[in-house]
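Before any comments, here is the structure.
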């Protein structure tokens, strides 16, 4: 996992930096007002219908591909892949027609505060972006195929292509004052981002074939595995829908964009760390799970969890401690106001723990998918989302908009605890005490780092510019964290250190 993970993380960071530039440009030219909220709603509607299926495919395709390959050989595994792509395209046609016909009532469900010209614009935007579903459904299969063949790079650079095109479209929208430029540019970006996928998969031996077999036994098996995941993903999307609807209904349509901006910042951390490690480790975990090498699989999961926590906990705590200057630097200009910065930075603090707990669920959940058990993580996620919705109604009374974020964090914490206990029950304990000690040490080091970062920034702010104060606080607190975790003697840190030293010695 070492060198590949590092390279993928670097590419992911570059991709996410382009994402930052995209959102910064949007904040400048569009702001956090009505147009941004309409755009967010229009993007969310087709994403809800595609992500439900995509998550199911991404979680089950690799284990089923390995199963077909072991049972029938590689050529049959490729035939299964072609068949799956064609069936997803068939599904895409049905969803496209549904979204075009019912765009208006769906838009009202997502943002009840919309009416008049704003509603008409949201409906038009939703219909335009609905055509992107074919690209996303196709990519969900090809991404898995590329991962099986150890190509983790092409799936990462899609974000760079997407963001560059949307940045250009946003600037043109600001110049010509025509929001349709943004939507057409976004659709173009959503399709073109996967331009390398056909060439990369063909190079790895996957050439398209016309086959549409709904009776394939492996397809039926995959469907049975996918149904619980689809239910889980649907529950997740319903939770997002409830968050956005409640935000729009209680605090106005502009609150939807504020939630979006806060999640965008935190998604940077999760995208770089959690998703990278989960993507790189899953093919090996799936292979070990299918061959029933459970002890090796447990070690792989344990290693992935600790490495993720080494990076995700300090990044999250640091983001929470310095949320105000980070948001100010990233977004506060032109249409994005000081008040927007205040609200979004507060949401980051409330949403922060969600990223850590969600990472546990994402990594550990892969172990269940690897052995074909999709029910356990799904039951946990369904429970988690039910708790989230209930807490929304309770906490919104006391904490207003921030109550929605706190509800998400609390329910995800409960979900992560449940999936850890379920893992112990199904597979037996990991190196329990060692893992607990490591996570406690990482958390302590991260808290110290975050406190130091906050006070360095606060002290420096009176003497230098806020940007320089932010850079100095991040630099010094980052160095401090590295020194502390070395002193704390965490096994995974020692392994990473030894890996780097061995690489340097060879050179």
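Nothing in this text is a laboratory measurement; each read-out follows from the coordinates by a stated rule. This structure is a prediction, so every number in the text was calculated from the model and none was measured. Counting neighbours? That spans all protein chains shown, and the Cβs are built from the backbone with ideal geometry, glycine included.
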What number, in percent, do you get for the relative contact order of segment 137-243 if the mean sequence gap of Cα pairs under 8 Å and at least 6 apart is divided by its residue count?
26
Spin-label point model (7 Å from Cα, Cβ direction): what's the residue 337 to residue 238 distance in nm?
3.7
Could you state the number of Å between the C-alpha centres of segment 180-208 and segment 23-72?
14
Per DSSP helix of 4 or more residues, -39500 (n - 2.57); summed, then divided by the residues of the chain. What does that give at 222 nm, rounded to the nearest 500?
-30000 deg cm²/dmol
Where a ≥ b ≥ c are the square roots of the eigenvalues of the C-alpha gyration tensor, would you call segment 359-464 rounded, which needs a/c under 1.5, or, failing that, prolate if a/b is larger than b/c, or oblate?
oblate
Using alpha-carbon positions, the gyration tensor of segment 20-151 gives root eigenvalues a ≥ b ≥ c; with a/c under 1.5 called rounded, otherwise prolate if a/b exceeds b/c, else oblate, the class is prolate
Extension gain from residue 120 to residue 97, taking 0.36 nm per residue of separation minus the Cα-Cα distance
6.5 nm
Between residue 494 and residue 390, 0.36 nm times their residue separation minus their Cα-Cα distance comes to what?
33.1 nm
So for the chain, averaging the separation of alpha carbon pairs under 8 Å that are six or more residues apart and normalising by length, what relative contact order in percent results?
20
